[in-house]
Amino acid sequence: MTSGDHGTSGDHGTGGSHAAGREQDGERAHAVPRDAADGPPPWVAACGTPVAVVQGSWSGRRGLGSSSPCAECRRLVPG
Ligand SMILES: [Zn+2]
C-alpha cells in the first residue's frame, strides 16, 4: 500500500532511481523518487515524509551514506 509509487520508468530497484532528500529541520536523509525530485516541490520521500531539500543520490553520501538515513526509506529503497 505504498502511495506515490507511480514510477513509469523502471522500478527494478536500481541504485540511481532515487534522490536523497532531507527534512527542513532535521539531519535525517530520505529517499525521494527520481521523477518527483526532478519536478517542483513539495517533494515527498518514499516513506511519506515531506522533504525540503533534495541533494545528490540516495545511494550516495547524502543518502544511505549519510550519518542518519531514514530507517523506513532504507527499508523501502535498499539502494
Ligand atoms: Zn524516509
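Just so it is clear, none of the values below were taken in a lab; they were calculated from the coordinates. Because the structure is predicted, anything quoted here is derived from the model rather than measured. All Cβ positions, glycine included, derive from the backbone under ideal geometry; neighbour counts span all protein chains shown.
Quick notes on this one:
- Within the range 52-76, being part of a loop (DSSP other than H, G, I, E, B) and within 9 Å of the ligand (Cβ to nearest atom) holds for one residue alone: CYS70.
- If you go through the range 40-79 and keep only what is among the aromatic types (Phe, Trp, Tyr) and either more than 11 Å from HIS30 (Cα to Cα) or touching a Leu at 6+ places or on another chain (Cβ under 8 Å) (or both), you end up with just TRP58.
- Of all residues in the range 26-51 being among the charged types (D, E, K, R) and assigned to a loop (DSSP other than H, G, I, E, B), the one that is nearest to the ligand (Cβ to nearest atom): ARG28
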